[in-house]
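Right, one structure below, let's go through it.
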Amino acid sequence: MSKTFASQADLEAKQVSFTKLSDNAYAYTAEGDPNTGVIIGDEAVMVIDTQATPVMAQDVIRRIREVTDKPIKYVVLSHYHAVRVLGASGYKPEHIIASRDTYDLIVERGEQDKASEIGRFPRLFQSVESVPPGLTWPTITFTGRMSVWLGKLEVQLIQLGRGHTKGDIVAWLPEQRILFSGDLVEFGATPYAGDAYFQDWPKTLDNIAALKPQALVPGRGAALTTPEQVAQGLAGTRAFVSDVYASVQAGVKAGKDLNSVYKETFAKLKPTYGHWVIFDHCMPFDVTRCYDEATQYADPRIWTAERDVEMWKTLEG
Ligand SMILES: [Zn+2]
């Protein structure tokens, strides 16, 4: 029997946790669903990744209001994916900050990504009708690094290299050594790599490790609250990305087509990573992108709702 497309059959609600990492930093996590980071400064609050809709953002705001009444002035987008950005309007922020590369990706493929992601994972777009028409546009963009001062609290936003997408940034509290990684690091959840740079990603993880975080909020999965857990999260993500790439590259070198490379890679990785959430969902997208990178496409090709379904039929039909 063929598998249901992407995560259309994933309908079970998850338990939300709001984990305190310091007086200034919190993690809104939900058993492997997309996380939101919260930084509370002297005068303002910053939210990192928004949830998928303004209605879903209300639950984050409810949690924030349990610990502070300071205004939510900043929304940071770790990257362009719809599930991370389409809740932004719910916070009514003064500013939405992203890298210039993320801005460019929104221009180039934001519309297609929105349609594709909503089709893949309906549960993650609860009350999708609350998303305003059009796209979520940053009001501030940067390349490399910038600091936002929430009063005396410095938040560094840093581009440490390509990985999950071309435009990934992390948010870093240098004094407290707390890092919000976006989807560059996952924990107990399968890294989605359909728009990734497989050869760059491990180097970017090295750059994260070099900051020596004491705590790390991954894109999906529980907050990592000790250096040992941080190392575990980095190692798991690195192993998955490297294993997919090694398997796909070996297949390509042997002259195999995408379909056989997919089946072999799936079988090879399933025993080690099959228990991570969204494994079955991610693998077809991840292997397709990896095969592209190992053959003829330096940059990820745009996913459309139609291309998604066509690919799924070819590999899983
Ligand atoms: Zn993502």
| Flagged links, alpha-carbon separation over 23 Å, of Lys73/Lys152; Lys20/Lys152; Lys20/Lys270; Lys20/Lys70 | Lys20/Lys270
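Carbon-plus-sulfur fraction of the accessible area of the chain, 1.4 Å probe, in percent?
Numbers: 6570 of 12770 Å².
Result for the chain: 51 percent of the exposed heavy-atom area is carbon or sulfur.
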| To the nearest Å, what is the center-to-center distance of the range 260-282 and the range 58-128, using C-alpha atoms only? | 29 Å
| task | Place a label point 7 angstrom from the Cα of Lys14 along the Cα-to-Cβ direction, then list the residues of the range 106-139 whose backbone nitrogen is under 11 Å away. | result | 124
| field | Relative contact order, percent, the chain [alpha-carbon distance under 8 Å, six or more residues apart] | value | 17 percent
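If packing is taken as the mean number of other Cβ atoms within 10 Å per residue, what is the order of 191-197, 310-316, highest first? Intermediate results must be reported in sequence, preceding the final value.
Numbers: 191-197: 24.4, 310-316: 16.0.
The most tightly packed comes first, giving 191-197, 310-316.
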| Listed residue (Leu173, Leu135, Tyr103) projecting farthest to the positive dipole end of the chain, Cβ model | Leu173
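Based on Cβ point charges of +1 for Lys and Arg and -1 for Asp and Glu, what charge dipole magnitude is obtained for the chain about its Cα centre, in debye rounded to the nearest 20? Numbers along the way, then the final one.
Values: 33 positive and 40 negative charges, 58 e Å.
With only Lys, Arg, Asp and Glu charged at Cβ, the dipole is about 280 debye.
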| remark: Using alpha-carbon positions, the gyration tensor of the range 1-104 gives root eigenvalues a ≥ b ≥ c; with a/c under 1.5 called rounded, otherwise prolate if a/b exceeds b/c, else oblate, the class is oblate
| task | For Val76, enumerate residues with amide H under 5 Å from its amide H, sequence gap 5+ or separate chain, H modeled in the peptide plane. | result | Val47, Ile48, Asp49, Ile97
| message | List the residues, sorted by chain then number, that are 5 or more residues from Ala30 or on another chain and whose placed amide H is less than 5 Å from its amide H. | response | Ser17, Gly221
| said: For the pair Ile140/Lys313, report the inter-label distance in nm, with labels modelled 7 Å from Cα in the Cβ direction. | reply: 4.7 nm
| query | Just the accessible area per residue of the chain, please: how many Å² with a 1.4 Å probe? | reply | 40 Å²
| note | To the nearest 0.05, the calculated FRET efficiency linking Lys256 and Lys203 through their beta-carbon distance, R0 being 30 Å, is 0.65
| remark: Filtered hits (lysines, Cα-Cα < 20 Å from Lys253, offset >= 8 within chain) -> Lys263, Lys268
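The values are calculated or read from the model by the stated rules, or taken from the named source; none is laboratory data. None of these values were measured; they are calculated from a predicted model. Neighbour counts run over all protein chains shown; Cβ positions are idealised from the backbone, glycine included. These accessible areas exclude ligands, DNA and RNA; they are computed on the full protein's heavy atoms, side chains included. Shrake-Rupley method; radii C 1.70, N 1.55, O 1.52, S 1.80 Å.
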